[in-house]
Amino acid sequence: MKIIGLITARGGSKSIPGKNIKILAGKPLIAWTIEAALKCKGLSRVIVSTNDEKIAKVSKRHGAEVPFRRPGELSKNESPHISVVLHAIDWLKKHEACYPDYIMLLQPTSPFRTTEDMENVIKLAKNRNTLAVVSVCEIIKYPYKTHSINKKRSLEYFIPPNDGYMYRQALPELYEQNGAIYLNTCSSLLKQRTFVPKGAVPYIMPQERSLDIDTAWDFHVAELVLKNKKRR
């Protein structure tokens with residue numbers, strides 16, 4: 001079974017300038033994902049899709065392939081992620097006659113995702129013979145306790161509660177996509193154009209490996225965690 005690890009790294013981040021190659025605990029953020037992916041026995045190749053020359057150079061230096069540049073129209077804030085992956089599939093088919101069975105989407109903003117996580121996801125896909133496996137983690141803050149602010153500037157429950165107090169122990173277990181791993185068949189991606197098709201199988205990850213770096217505070221937390229690990 002041919003599986004390509006695809007790391008998507010756009011240049012021009014506004015939340016953290018140069019985020020994907022910003023140094024995190026001694027090496028560029030994207031390097032944490034590249035190095036973990038290169039150790040994964042189930043991946044045939046590790047490819048980076050980027051529009052940015054600096055990201056491309058850093059990625060190659062750490063062992064990833066960068067066979068193409070992502071077009072500008074797919075490198076904007078509002079560019080759908082699915083279109084970025086479909087572009088990679090189309091490029092590989094046209095220029096290399098390469099059509100893998102699965103694409104494993106790996107976002108560089110999940111530096112705590114491990115090689116073992118990737119291999120477990122591949123095993124799960126094989127054992128369940130599924131179109132997709134998506135990494136998730138249990139949510140910390142329940143939507144049942146979230147609010148919106150109405151026109152009168154007062155609180156309203158986002159999800160109207162049942163009668164009585166909502167004890168955490170009585171609430172159902174809920175999970176959210178943590179953005180670390182999406183494994184999909186190419187045929188499913190092309191036909192359904194979604195990373196979470198009907199029947200997608202969850203791969204549950206703990207909170208400590210589910211941090212998705214989106215803000216400067218997230219980056220600061222990741223730095224502290226990794227430095228603490230090094231000291232140990």
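The values are calculated or read from the model by the stated rules, or taken from the named source; none is laboratory data. Computed from a prediction, not measured in an experiment: that's the story for all the values here. Virtual Cβ from ideal backbone geometry, glycine too; neighbours counted across all protein chains shown. For accessibility, only protein heavy atoms count, side chains too; no ligands or nucleic acids. Shrake-Rupley method; radii C 1.70, N 1.55, O 1.52, S 1.80 Å.
Please find, within segment 206-229, the residue that is most open to solvent (accessible area, probe 1.4 Å) out of those that are part of a loop (DSSP other than H, G, I, E, B) and polar (S, T, N, Q).
Filtering segment 206-229 down to residues part of a loop (DSSP other than H, G, I, E, B) leaves 206, 210-215.
Restricting the remaining residues to those that are polar (S, T, N, Q) gives 210, 215.
Numbers: 210: 13, 215: 56 Å².
So, considering only residues that are part of a loop (DSSP other than H, G, I, E, B) and polar (S, T, N, Q), the one most open to solvent (accessible area, probe 1.4 Å) is 215.
Please go through segment 1-18 and give me each residue that is of a type in the set (D, E, K, R) and surrounded by 20 or more Cβ atoms within 10 Å (Cβ to Cβ), ordered by number. Even if it seems obvious, please write down each step before you answer.
As a first pass, look at segment 1-18 and keep what is of a type in the set (D, E, K, R): 2, 10, 14.
Result: 10, single match.
In this structure, is residue 57 on the phi < 0 side of the Ramachandran plot, assigned to a helix (DSSP H, G or I) and open to solvent by 20 Å² or more (accessible area, probe 1.4 Å)? Yes; evaluated as a whole, the condition is true for this residue. Number of residues in segment 19-30 that are touching a helix residue (DSSP H, G or I) at 6+ places or on another chain (Cβ under 7 Å) and either at pLDDT 95 or above or buried (at least 23 other Cβ atoms within 10 Å of the Cβ) (or both) equals 8.
The set of residues in segment 77-109 that are hydroxyl-bearing (Ser, Thr, Tyr), touching a helix residue (DSSP H, G or I) at 6+ places or on another chain (Cβ under 6 Å) and in contact (Cβ under 8 Å) with a residue 12 or more places away in the chain contains only 99.
Checked against (1) out of contact with any Leu (no Cβ under 9 Å at 6 or more places or on another chain); (2) part of a loop (DSSP other than H, G, I, E, B), residue 35 meets all criteria but (2).
Which one is surrounded by the fewest Cβ atoms within 10 Å (Cβ to Cβ), of the residues in segment 31-52 that are over 19 Å from residue 69 (Cβ atoms) and among the basic types (Lys, Arg)? Checking each candidate, the answer is 41.
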